[in-house]
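Beneath this line is the structure, given in structure tokens, with notes to follow.
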Amino acid sequence: MPDDGPTPPVDRRARGLWFLLLLAAASLMWSAQGTAVKFLEAELPDRPIAITFLPFYVATLLLLPLLVRLRRRDPTARWPSAADWSKFAVAGVAGQVLAQLGMTWGVIQSLASNGAVLNLLIPIFSAVLASLLLAERMTPLRIACLVIGLVGVTLMSVRDLENSDFFERDYLLGNLLILVGCFGSAFYNVYCKGLMARFHEVEILIYSYITASLASLPVLLWYEPLDLSALAAIDTRGWLAFAFLAIFMYTVSMLLFFYVLEHIPVTVASASLYLVPLFGVLIASVMLGERMSPLALAGAAVVLAATVLIMRYDNAV
């Protein structure tokens, strides 16, 4: 099948650096999600499902021309069978829908600091699932890099840890939903990696997005019926946030991540998720004027070192 993604360098060292840059670009986009959601939330208050899935539906539509292009370049490519669609449904519903709804509803019913800390479990969940579902080996290097990265983001998340409250009864349901969202995100990446032996990564992304859209639309219409007047009242900043979520968060970043995921193990690719809080701290420092503490600076250095280490020395890269 044709590969529309960027061509990696042949040299192993350059190849690892190339994949690291692509994963860093995806992580940078993901790190700005919270800021974009806050801008959009100001325009659509009390509509977390709409904020989550309306940009997602636009992203699904934006990806369709890529599918058409793939079909034109390779008319003999097989179309998904009913059994294949059931697998895409598993990826879309158990992956994307659980991840998006779990995180959105969870943070609403819990604390943002709880969500920030619990998100650190996604690479761990990914490594365990990859070992169980894909038989990926947990080498000493991968375990070490995951642990080092976790230490680094913990240092950067001291403030979140101080403000978190995992066992408060009022937040328990929200924390459980966040965990479901983290598991859904990890499951989605691992399960889709297993489908890449038969389908192009763009096809997997599009077909899983289609099933996720079909599954989430009734939820949106039931709990948050569309209000066109509310959409019409969104200001320029809100629409820019909407466009960022649709184009960069759900489309470009996922295309980059899936392209790299086709070439390297899930455990290695998931280690780059520790870059998300790193970029989040840097964005807050630049855009909001927040000063980075010495611990945050040290944590940022540790995270970067762990990510470079696994991309440079893992034999599968």
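The values are calculated or read from the model by the stated rules, or taken from the named source; none is laboratory data. Model, not experiment: these values are computed from the prediction. Because the Cβ atoms are built from the backbone with ideal geometry, glycine has one as well, and the counts that use them run over all protein chains shown.
Figures for the structure shown
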{"read-out": "Subset of region 258-282 [at pLDDT below 75 and either under 29 Å from Thr139 (Cα atoms) or small (Gly, Ala, Ser) (or both)]", "value": "Gly280"}
{"read-out": "Test set (1) buried (at least 23 other Cβ atoms within 10 Å of the Cβ); (2) over 19 Å from Met29 (Cα atoms) - Tyr209 fails condition number", "value": "(2)"}
{"read-out": "Pairs where the first residue, in region 235-257, is surrounded by fewer than 19 Cβ atoms within 10 Å (Cβ to Cβ) and the second is among the polar types (S, T, N, Q), C-beta under 7 Å, 6+ apart", "value": "none"}
{"read-out": "Segments classed as helices (runs of 4 or more DSSP H), wholly inside region 1-102, with at least 1 members that are surrounded by 14 or more Cβ atoms within 10 Å (Cβ to Cβ), within 20 Å of the chain's Cα centre (by Cα) and among the β-branched types (Val, Ile, Thr)", "value": "33-43, 48-73, 82-90"}
{"read-out": "Complete set of residues in region 125-157 that are among the small types (Gly, Ala, Ser) and within 21 Å of the chain's Cα centre (by Cα)", "value": "Ser126, Ala127, Ala130, Ser131, Gly149, Gly152, Ser157"}
{"read-out": "Enumeration of residues in region 135-155 that are surrounded by 15 or more Cβ atoms within 10 Å (Cβ to Cβ) and either modelled with pLDDT under 70 or not in a helix (DSSP H, G or I) (or both)", "value": "Glu136, Thr139"}
{"read-out": "Lone qualifier among Val219, Val302 - being assigned to a helix (DSSP H, G or I), more than 21 Å from Leu118 (Cβ to Cβ) and of a type in the set (Val, Ile, Thr)", "value": "Val219"}
{"read-out": "Subset tally (residues that are at pLDDT 95 or above, touching a helix residue (DSSP H, G or I) at 6+ places or on another chain (Cβ under 6 Å) and of a type in the set (A, V, I, L, M)) for region 216-253", "value": "1"}
{"read-out": "Subset of region 283-317 that is crowded, with 16+ Cβ neighbours inside 10 Å and farther than 21 Å from Cys145 by Cα - its residue that is modelled with the highest pLDDT", "value": "Ile283"}
